[in-house]
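Note sheet for the following structure.
The values are calculated or read from the model by the stated rules, or taken from the named source; none is laboratory data. Bear in mind that the values here come from a model prediction, so they are computed numbers and not experimental data. Because the Cβ atoms are built from the backbone with ideal geometry, glycine has one as well, and the counts that use them run over all protein chains shown.
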Amino acid sequence: MVEVVIDSIRVSLMSPQRIIILREMDSERFLPIWIGPFEADAITLSLQELEVTRPLTHDLLRNVLQVLGAEVLRVNITELRDDVFYARIVINLDGQELEIDSRPSDALALAVRTHVPIFVSETVMDEAASVPETDVETEEVAEDSDERLEVFKDFVETLDLDDLESPDNDNN
């Protein structure tokens, strides 16, 4: 299992869905997971430590587990099957470690509320994670941009700014 942290939550311009970006600890490998807008809001609220007047669903789950004497130990994202991620919430109840099946979004919303580590199976990371490309491509884009900007530079140099009237010269 690979430990990850929540790097960011992004909005899709193409749908109401959100994308949560998990980043491998001490690495630049990222795992994007599509989640619903309500789960994204629940995670964001908790990450920003915003208080709500009444418990949200994930707060309720945390509260129920606490009242029952269960402790959330970690969240594991275990599988990617048919483009669907699967997660397990690992709890300790009376000295027994139990795993509860969960959607990753709900497991992550609980993880941020209980401040527990998040893990992803190495298989899932190998299958779905990515590493940003190196700066070599960025340099090529920058050089290409400079060439395109030369056209505008040439245009600006041909302008005769003395012929422009200022707004104060309307009395002429």
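Here are the numbers for this structure:
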| item | result |
| --- | --- |
| Checklist (1) modelled with pLDDT under 90; (2) acidic (Asp, Glu); (3) within 18 Å of VAL90 (Cβ to Cβ) applied to ASP26, failing item | (3) |
| The range 32-51, residues that are in contact with a strand residue (DSSP E or B) (Cβ under 9 Å, 6 or more places away or on another chain), assigned to a helix (DSSP H, G or I) and surrounded by fewer than 16 Cβ atoms within 10 Å (Cβ to Cβ) | PRO37, ASP41, LEU47 |
| Residue among LEU65, LEU22, LEU110 that is part of a helix (DSSP H, G or I), touching a Leu at 6+ places or on another chain (Cβ under 7 Å) and either loosely packed, with under 12 Cβ neighbours inside 10 Å or not β-branched (Val, Ile, Thr) (or both) | LEU110 |
| Condition broken by GLU79, with the remaining ones in (1) closer than 18 Å to VAL112 by Cβ; (2) part of a strand (DSSP E or B); (3) not polar (S, T, N, Q) satisfied | (1) |
| Hits in the range 1-19 - residues which are more than 11 Å from the chain's Cα centre (by Cα), among the hydrophobic types (A, V, I, L, M, F, W, C) and loosely packed, with under 15 Cβ neighbours inside 10 Å | LEU13, MET14 |
| The listed residue being under 19 Å from VAL4 (Cβ atoms), among the basic types (Lys, Arg) and either touching a His at 6+ places or on another chain (Cβ under 9 Å) or at pLDDT below 95 (or both), out of ARG113, ARG103, ARG74 | ARG113 |
